[in-house]
Amino acid sequence: MTVLEQPGTYAPAPPPSWRPRTEAAPLLPEAEPYRVLGTRTAEREGGEHTGPDADLLRRLYAAVVRGRRFNEQATALTRQGRLAVYPSSRGQEACQVAAALALRAEDWLFPSYRDTLAAVARGLDPVEVLSLLRGDWHHGYDSPGTRVAPLCTPLATQLPHAVGLAHAARLKGDEVAALALVGDGGTSEGDFHEALNFAAVWQAPAVFLVQNNGFAISVPLAKQTAAPSLAHKAVGYGVPGRLVDGNDAVAVHEVLTEALDRARSGGGPTLVEAVTYRLEAHTNADDATRYRADGEVEAWRAHDPVTLLERELRDRGLLDEETVREIREAAERQAAELRERMHQDPQPDPMELFAHVYAEPTPQLREQAAQLRAELAAEQEAAAGNPAAGEETR
């Protein structure tokens, strides 16, 4: 008997092949991105403010300020040679912070390589998050314990994994949702199609957040798709598409919270496109001036997510200079700790090369491990008998 044949277990019910599961209209995103900050939705009515929750605003603001400082510090560490590469998310902090804060403790986050800030905002150790980019390990933190999947460097390959986990959780009866992050470039990959299609057919509790920052390295969005928006792609899979201002942390949080609640309650997946912009180059190895103008970057600086959120809090009387100073000092302390720890040279064990490759090492790996173990023993023996010779051997 298979799992799906057991009485009382969840069984996906795909639509009849001769007609769509639902009409297209309810799935279509709005023509303009949904936003909260700077709109009339937060007007005072009857003396009461009807905008976003004050506590949420404070949490989001503190997190985006820490995130901005984290991006600055990680970029500096790259220039100092402490990181091999760093794909900055400066300008995209609202997307990543809102994603982390929208999740419940039991939910899972599936990040891409640019989503270090989302992992840190989820509560992970910043040094462990940066292990991949430092070159110490392929993966530096406990995924089952933190419920954050490994940072994924290949484009969009984490999306089918998110669907698989979400579908498995549904089969087990767990109230768990998976939130998968991907860039606009990742939507051109086959894994994106496969993940959306499986999620829709299985009605898996998965939410896909596309951070559309305008470029897949140097390729602009117009050269990737002719769709009105990336959110419109949802219609082809039979799932709702939502379009949101990715620099509006409150709006992103609202849309993702709604989508995650819908997923947990059995409503199926949602595709969310957050329109944002990366203010810095793709990575430290990229020269962004070759494919975009300085004026374009400056125009987006005027829509900076940190500035938008700070303005909202000040307008509502929720932020004073003392609070700003405290938040910035906390961000600076986090950056200083990261800097200090990253400047400590690691002492790697060469034998770790063979750890966590296969559950059962192959004959070739066992042979290579034995050869390295013998070479290391010879070095130690030479160093013990003749320290100078040991240095030469190394």
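Would it be correct to say that residue 85 is surrounded by fewer than 22 Cβ atoms within 10 Å (Cβ to Cβ), over 30 Å from residue 303 (Cβ atoms) and in contact (Cβ under 8 Å) with a residue 40 or more places away in the chain? No; evaluated as a whole, the condition is false for this residue. Residue count for the stretch 90-112 under the criterion of being within 18 Å of residue 246 (Cβ to Cβ) and either over 13 Å from the mean Cα position of the chain (by Cα) or in a loop (DSSP other than H, G, I, E, B) (or both): the result is 5. In the stretch 115-128, the residues that are surrounded by fewer than 24 Cβ atoms within 10 Å (Cβ to Cβ) reach residues that are part of a loop (DSSP other than H, G, I, E, B) and modelled with pLDDT under 95 with C-beta atoms within less than 7 angstrom, at least six apart or across chains, in these pairs: 124/141; 125/141; 128/140; 128/141. Out of curiosity, is residue 313 over 26 Å from residue 83 (Cα atoms), open to solvent by less than 20 Å² (accessible area, probe 1.4 Å) and more than 23 Å from the chain's Cα centre (by Cα)? Here the answer is yes, as residue 313 does meet what is asked. Can you tell me which residues in the stretch 358-394 are among the charged types (D, E, K, R) and at pLDDT 85 or above? Once the filter is applied, which keeps residues that are among the charged types (D, E, K, R) and at pLDDT 85 or above, the stretch 358-394 yields 360, 366, 367, 373, 375, 379, 381. Can you spot a residue in the stretch 207-223 that is free of Cβ contacts under 8 Å to residues at least 12 places away in the same chain, farther than 24 Å from residue 168 by Cβ and more than 18 Å from the chain's Cα centre (by Cα)? Yes. Examine the stretch 206-229 for a residue that is under 21 Å from residue 262 (Cα atoms), touching a strand residue (DSSP E or B) at 6+ places or on another chain (Cβ under 9 Å) and part of a helix (DSSP H, G or I), and state whether such a residue exists. No; the residues of the stretch 206-229 include none that is under 21 Å from residue 262 (Cα atoms), touching a strand residue (DSSP E or B) at 6+ places or on another chain (Cβ under 9 Å) and part of a helix (DSSP H, G or I).
Take the conditions (1) assigned to a helix (DSSP H, G or I); (2) in contact with a Lys or Arg (Cβ under 8 Å, 6 or more places away or on another chain); (3) not β-branched (Val, Ile, Thr); residue 311 misses just one of them, which is (2).
Scanning the stretch 275-308 for residues that are in a helix (DSSP H, G or I), open to solvent by 20 Å² or more (accessible area, probe 1.4 Å) and either touching a His at 6+ places or on another chain (Cβ under 9 Å) or of a type in the set (Asp, Glu) (or both) yields a total of 3. When residues in the stretch 146-194 are screened for being touching a residue at least 24 places away in the same chain (Cβ under 8 Å), part of a helix (DSSP H, G or I) and in contact with a Ser or Thr (Cβ under 9 Å, 6 or more places away or on another chain), 7 of them pass.
The values are calculated or read from the model by the stated rules, or taken from the named source; none is laboratory data. Fair warning: this is a prediction, and the values are worked out from it, not measured in the lab. When we count neighbours, we look across all protein chains shown, and the Cβ atoms used for this are built from the backbone with ideal geometry, even at glycine. Accessible surface is based on the protein model in full, side chains and every heavy atom, while ligands, DNA and RNA are left aside. Shrake-Rupley method; radii C 1.70, N 1.55, O 1.52, S 1.80 Å.
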